Amino acid sequence: IRLFVPIDDIFVFADRNHVMRVMNNLLKNAIQAIPTDRRGMINMKLYKEEKNAVIKVEDNGIGIPEESRYKVFKPNFTSKSSGTGLGLAMCANIIEGFNGKIYFESEVNKGTTFYVIIPLMHMKDNFDERQRVIL
């Protein structure tokens, strides 16, 4: 699992516990999507894009079949042998409550990337661009 976060803080108007619940669910799903015979790789990245904070969770798992993609955020849908199928529905509900959105891109047998978009809080630190020295 690799984590990429910016040096500067990013501020959003969201409940910390709810964001942690979403992240835990996305990370758990990413781990479970990787077959046992494959070396797993999960990248989690936080960055700013325009007036939004973007959280990207990318795995190299089995991917989501085309016929299941429209059901992913529906309550009680699961592709696993256990679980309630409420995790991603709950995530979508939480993120939409922050005026954000959640979506994914997937390629069968290559992996899936989930994107969580949350509007930035309107404050100077979020919109003040700083010059950084890249080494």
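The values are calculated or read from the model by the stated rules, or taken from the named source; none is laboratory data. What you are looking at is a predicted structure, and each value in this text was computed from that prediction instead of being measured. Cβ coordinates were reconstructed from backbone atoms using ideal geometry, including for glycine residues, and neighbour counts include every protein chain displayed. Ligands, DNA and RNA are stripped out before the accessible areas are found, and what is left, the full protein with its side chains, is counted by its heavy atoms. Shrake-Rupley method; radii C 1.70, N 1.55, O 1.52, S 1.80 Å.
Quick check: is even one residue across segment 53-68 among the hydroxyl-bearing types (Ser, Thr, Tyr), open to solvent by 30 Å² or more (accessible area, probe 1.4 Å) and on the phi < 0 side of the Ramachandran plot? Within segment 53-68, none of the residues are among the hydroxyl-bearing types (Ser, Thr, Tyr), open to solvent by 30 Å² or more (accessible area, probe 1.4 Å) and on the phi < 0 side of the Ramachandran plot. Contact map, segment 14-37: residues that are over 11 Å from Ile94 (Cβ atoms) and part of a helix (DSSP H, G or I) paired with residues that are open to solvent by less than 30 Å² (accessible area, probe 1.4 Å) and not acidic (Asp, Glu), Cβ distance under 6 Å, separation 6+ or inter-chain. Pairs shown: Leu26/Val57; Leu26/Phe114; Ala30/Ile42; Ala30/Val57; Ala33/Gly61. The condition of being in a loop (DSSP other than H, G, I, E, B), open to solvent by less than 100 Å² (accessible area, probe 1.4 Å) and within 12 Å of Ile118 (Cα to Cα) does not hold for Ala92. Of the set (1) modelled with pLDDT under 95; (2) closer than 23 Å to Glu49 by Cα; (3) open to solvent by less than 60 Å² (accessible area, probe 1.4 Å); (4) not in a helix (DSSP H, G or I), all apply to Arg130 but (3). Please work out which residue is most open to solvent (accessible area, probe 1.4 Å), limiting yourself to segment 95-124 and to residues that are among the hydrophobic types (A, V, I, L, M, F, W, C) and under 24 Å from Glu66 (Cβ atoms). So, considering only residues that are among the hydrophobic types (A, V, I, L, M, F, W, C) and under 24 Å from Glu66 (Cβ atoms), the one most open to solvent (accessible area, probe 1.4 Å) is Val108. Among the residues of segment 27-52, those identified as of a type in the set (A, V, I, L, M, F, W, C) and either more than 11 Å from the chain's Cα centre (by Cα) or open to solvent by less than 30 Å² (accessible area, probe 1.4 Å) (or both) are Ala30, Ile31, Ala33, Ile34, Met41, Ile42, Met44. Would segment 50-66 turn up any residue that is touching a residue at least 60 places away in the same chain (Cβ under 8 Å), among the small types (Gly, Ala, Ser) and farther than 19 Å from Leu86 by Cα? Scanning segment 50-66, I find at least one residue that is touching a residue at least 60 places away in the same chain (Cβ under 8 Å), among the small types (Gly, Ala, Ser) and farther than 19 Å from Leu86 by Cα, so the answer is yes.
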